Amino acid sequence: QVLSHNLYTVLCIPHDPVALEEHFRDDDDGPVSSQGYMPYLNKYILDKVEEGAFVKENFDELCWTLTAKKNYKRDRNGNSVISHQDAFKLWCLFNFLSEDKYPLVMVPDEVEYLLKKICTAMNVELNSCELEDYLSQEPQGQGGLTVWQFLDMVNSGRFLRGIEQEAISMAVEEVYQEVIEDVLKQGYLWKKGQLRRNWSERWFMLKPSALSYYMSEERKEKKGSITLDKNCCVEVLPDRDGKRCMFCVKTLSRTYEMSASDTRQRQEWTLAIQTAIRLQAEGKKSLHKDLKQKRREQREQREQRKAAKEEETQRLKQLQEEKERKLQELELLKEAQRQAEILLQEEEQRRRQQHEEMQRTLEIQLREAEQARASMQAEMVLKEAEAERQRKRILELEEMQERLQEALQQEVKARQDEEAVRYAQARLLAEEEEKLKQLMKLKEEQEEYIIKTQREKQVLKQEMENKNKCLEEAQKQLEEVRVNRQRVDQDVMAAQRKLRQASTNVKHWNVQMNRLMHPIGPGDKRTNVSGGVFAGYQPLLSRRDSSLK
């Protein structure tokens, strides 16, 4: 109940004790664990929080009060480098710079960044080597430090040795205001009034959203504020009215003139105000949140490059091992090659001996072959002379065969001509019979018309004349057909004469062939023997003579 009441109060939420009683009604037997309290915290407290409705510093102080008593321990000797309030501010800085995962840890880069800012505020240089040694000695130093380990490290005095506690407190306060309260810059400036136009010294404090000014650095009495947006700008002014190092901040409604103590301060103020205007134009509320995100991205890129480098190293190592293995295999192959060369030389020597023996055997066989070749050449000469006689005889027979084929082709052509003439004669006879039939039919029709049309004789006389004309024309055509038939008969007789002449030629060639037809033997003299190679042609020719007859 006390914890919930304090959270309600700090977060500016109306307290609801009834809901608390209702939620934990069934858990009266024992204490509530963290896991048991989380559902109530999320539903009835955190879900009702509105952004900007509460003071974050008060909420941080409540969380510090709840956690520091149990976890924060001072130096083992009872001494402490930093005060309790400074430890709280460092706790807030740790929460801001830690990674966004639970449990919260601050990576070594962020630890070094925070310590460097504190040392820079005190004009002291941080010993990075000593910090690396300290982080390497810690069990979890490489992965990051928890907030209590970080506070123990600061309280150990290793990095703030010989520095007074007051100076440390001022440096922590300056870093706290810069990082947590988003104070980009603060200090005294001279400001020119708008109405009275006189110059007054004011304590200015620059944040990303506004440039506020107070009567003094205690910031108890606020005199005014300049709201900054993307339409504002800062310009350097020349010295005048007895003031030097002047600059102005221009807004849409007014121009504020100010004077710094020296040129360096004027440059720092103008750069800081330009940074605030740039953040407003980019829609960012905090400079250090943006810087923290950029540092995180750089770390991620560095880790990716490191991982890629390690992967490349591993790959190179594998390639080296593969290369060594290949070299070993190459040595083995070279040894095997030497053994193979020795075996090859032995094999070559054995083959050379076998080749010499085979060459001697081949020479003997070659001499025998030469002798056989000489005897075969003598036989070949005799065979070629005999073959030449046979070739001449074959040429004579081939020439005789060509002449017989020409005579047969003439006989076949004569038969084809005879068949064509007979076909034309039959066609003319058929046309003559058809005309005779048409003539008889016309005569019959004429007689019928004469019998039936006696009374219409005068009317049909003209038609009869036409029919007579047709009949005369048909008789003329019949005469022409008879003349054509006589011409065809003459052609048939001429074809028969050609056929008889061809038969006579065939008989003549048969007589010539019978004289030449007899078998030829090697070394035999030419004798008159009937029959022979073409003896089978005689009965064929006699059959053709009978058919021609």
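The values are calculated or read from the model by the stated rules, or taken from the named source; none is laboratory data. Quick caveat, the model's predicted, so the values are computed rather than measured. Glycine also receives a Cβ, built like all others from the backbone with ideal geometry; neighbour counts cover every protein chain displayed. These area figures cover heavy atoms from the full protein model, side chains too; ligands, DNA and RNA do not enter into them. Shrake-Rupley method; radii C 1.70, N 1.55, O 1.52, S 1.80 Å.
Points to keep in mind about this one:
- Per-selection Rg to Rh, segment 1-54 - Cα, Kirkwood hydrodynamic radius: 0.98
- Accessible area per residue, Å², segment 88-230 with all protein chains present, probe 1.4 Å: 51
- When Leu62, Leu211 are compared by accessible area at a 1.4 angstrom probe, the order from most to least is Leu62, Leu211.
- Distance between the 7 Å Cα→Cβ label points at Asp133 and Leu442: 15.1 nm.
- Note on surface exposure: Leu397, Leu344 rank Leu344, Leu397 by accessible area, highest first, 1.4 Å probe.
- Protection proxy ranking of 295-307, 274-286 - average other beta-carbon atoms within 10 Å, highest first: 274-286, 295-307
- Residues Cys245, Cys63, sorted by accessible area with the largest first, give Cys63, Cys245 [1.4 Å probe; ligands and nucleic acids excluded].
- The chain - charge dipole about Cα centre, Lys and Arg +1 at Cβ, Asp and Glu -1, debye rounded to 20: 2680
- Calculated over segment 73-209: convex hull of Cα atoms, volume per residue (Å³): 133
- Over segment 280-335, accessible surface divided per residue gives 87 Å², non-protein components excluded, 1.4 Å probe.
- Bridging of Lys457 to lysines at a Cα separation below 30 Å is possible for Lys435, Lys437, Lys441, Lys443, Lys467, Lys469, Lys476, once same-chain residues fewer than 8 apart are set aside.
- Of the solvent-accessible surface of the chain, computed with a 1.4 Å probe over protein heavy atoms with every protein chain present, carbon and sulfur atoms account for 50 percent.
- Nitroxide proxy distance, nm - points 7 Å out along Cα→Cβ at Arg196 and Arg367: 14.8
- Dividing the summed helix terms, -39500 (n - 2.57) for each DSSP H run of n ≥ 4, by the number of residues in the chain produces a 222 nm estimate of -23500 deg cm²/dmol to the nearest 500.
- For segment 1-54, the solvent-accessible area with a 1.4 angstrom probe is 72 square angstrom per residue.
- Accessible area of Ile364 in the full protein assembly, 1.4 Å probe (Å², nearest 10): 90
- Rg followed by Dmax, in Å, when segment 56-292 is reduced to its Cα trace: 20.5, 65
- For q = 0.12 Å⁻¹, Debye-computed log10 I/I(0) when each Cα of the chain counts as one equal scatterer: -1.36
- Modelled label reach - Arg351, point 7 Å along Cα→Cβ, segment 312-345 residues with backbone N closer than 12 Å: 344-345
- Which listed pairs, of Lys243/Lys292; Lys69/Lys222; Lys383/Lys507; Lys48/Lys284; Lys222/Lys292; Lys43/Lys292, have C-alpha distances above 27 Å, in listed order: Lys243/Lys292; Lys69/Lys222; Lys383/Lys507; Lys222/Lys292; Lys43/Lys292
- Ligands, DNA and RNA aside, Trp91 has an accessible area near 20 Å² when probed at 1.4 Å.
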